[in-house]
Every structure is written in structure tokens, then in C-alpha cells.
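Below is one structure, written out as C-alpha cells, with a few remarks after it.
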Amino acid sequence: MLAWIVATGVQLHRDAARGSGRRIPRRVGARPGLGPVKRPDAETDDIHMDWSWRASWRYVAGLVAVGFLMWFPFVRGTRVPLLSAADLGFHELGHMLAVPFGRTVHFLAGSTTQVLVPFGLAAYFWLRQRDLMATGVMLGWAASSAHDASVYIADAPYQRLPLIGGHHDWNWLLSHWHALDSASTVARAVWLLGLMAGIGAVAVCSTPLVRQMRAVLAARKPPRSDRRDLRVREARFRLRD
């Protein structure tokens, strides 16, 4: 009798809802004694994945740019096309700005400015703009610039590279410091600095992607409490059978 009353009430509720034009929610995957089993909606998943891609495409582009900046110097051993002109420009700008400060600072300022400019831009985008993609790309530029400076330093004892001016900066500096034999050691240290900057660039651009992937996977998993309740209800249903 009680079951008939409940069934009649449910039917009347559905009839009234149809008459008002209101959409009736359907229970997906319902089983007797277990209640509704929630399943992911395909349309909701598509919207979520579209939002995820819109939020993460910049970091994918940043990784591609960093890979481009790292490929030429650290794999092929050549300068990055077009970017090498910017490095040369900042190198010469450093020389010009350091003219009033003596010959040592003048020769040192070229490579120092060339490397510090992209590092400074990376710090700006990190601390002021909170732009991880731009920070990663600037670190990739700093890596390629440091590699270029390391090649210049290693050439100090031999002076084989073509120069714009008449003096080799690092030949003069290391000779002035009586450390010309240490050119390879200094070059290796600057090369490692560039490699660390490149690794940092990859980490900065990939961290948001990893977080986004974890968020997508977590959104597809039901909460632990729901899964525990579902297991308990399934166990009770088996015992009832």
C-alpha cells in the first residue's frame, strides 16, 4: 500500500512537471537500492577541456619557443637566428655605457650586459607581471646569450672569432688578470649558467601545464567520500540479494 502511494505521488509529480513544460531531471545509471550513479557529461567534459586548452596554450607556445632557443646553441652549437643580432646590439650598448668607468669595466660590460638584459626581463615578468610564459621565454633567451658569451670567452687565448672592434674583450681581461690559462674554466662556468637558465625556462613553462593536467584528472574523479559511500551501498545491495 505504501509503495503504491509513493509511486502514485511520483507519477503525479511527473505529470504536473510535463504540463508546466519544466524539464524533468533523469537519473543516469540508477539501480535499485543504490541511488543514482553520477557519470561525466560529455558536453561538460568538452567545455572543460576547451577551457583547459585556452588556459594552457600560452605555456605550450612558451615551451616551443624555449626549445627553439635551446636547440641552436646547445645542440647545434650555433647562434640563434635574428636573436644573435639583438645580443650583439646589447653587447655593444654595454661597451658604450661603460666608457666613463675605465678600461676594465668597459671590456667587461659587453658580455655582462648581453647576459643580464634577458635575465632582468625575466625577473620583471616574474615579479611584476606574474607572467610565467614570458618569464620562461626570457630565461631561454638568457640561456642562449650565456652560451654565446661562453664561446667568446673560450676564444680568448686563440682570438679566432671575427670581431667588430680591434680588441678581444676577454683576451684583454684575462691577460690583465693574469688568468688567460683559465679561459676554458670561465667559459665552462658561463656555459653551465646558460644551461641552468634553460632548464629553469622549461620548468617555468611546464609547471602550469602539469598543474592543469592534475586539475583535469582530479575533476574527472569523484570525491573520496562519494566513492566510499558508493562502495558501502554496493556492499549493502549485495548482502540484500
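All of the numbers you see were taken from the coordinates with simple rules; none came from a lab. Keep in mind the model is a prediction, meaning the values are calculated, not measured. With ideal geometry, Cβ positions are generated from the backbone for all residues, glycine too; neighbour counts draw on all protein chains shown.
Ranked for footprinting exposure by Cβ neighbours inside 10 Å, fewest first, Trp126, Trp191, Trp57, Trp141 give Trp57, Trp126, Trp191, Trp141.
Using a simple spin-label model with pseudo-atoms 7 Å out from Cα toward Cβ, Val64 and Leu161 lie 3.1 nm apart.
Computed from label points 7 Å out along Cα-Cβ, the spacing between Leu82 and Met196 is 3.1 nm.
Relative to its residue count, region 56-220 spans a Cα convex hull of 121 Å³ per residue. The modelled label-to-label distance between Thr207 and Gln129, using points 7 Å beyond Cα along the C-beta direction, is 1.7 nm. Ordering Val137, Val117 from the fewest to the most neighbouring beta carbons within 10 Å gives Val117, Val137.
Estimated at 0.36 nm per residue, the fully extended path between His178 and Leu116 surpasses their Cα-Cα distance by 19.8 nm. For Ser84, neighbours were defined as the other residues whose beta-carbon sits under 14 Å from its Cβ, and their charges (Lys and Arg +1, Asp and Glu -1) total -1. Net charge near Ala134, counting Lys/Arg +1 and Asp/Glu -1 over other residues with Cβ under 15 Å of its Cβ? Residues close to Ala134 contribute a combined charge of +2. In a fully extended conformation the segment linking Val105 and Trp71 would gain 9.1 nm over its present Cα-Cα distance, using 0.36 nm per residue.
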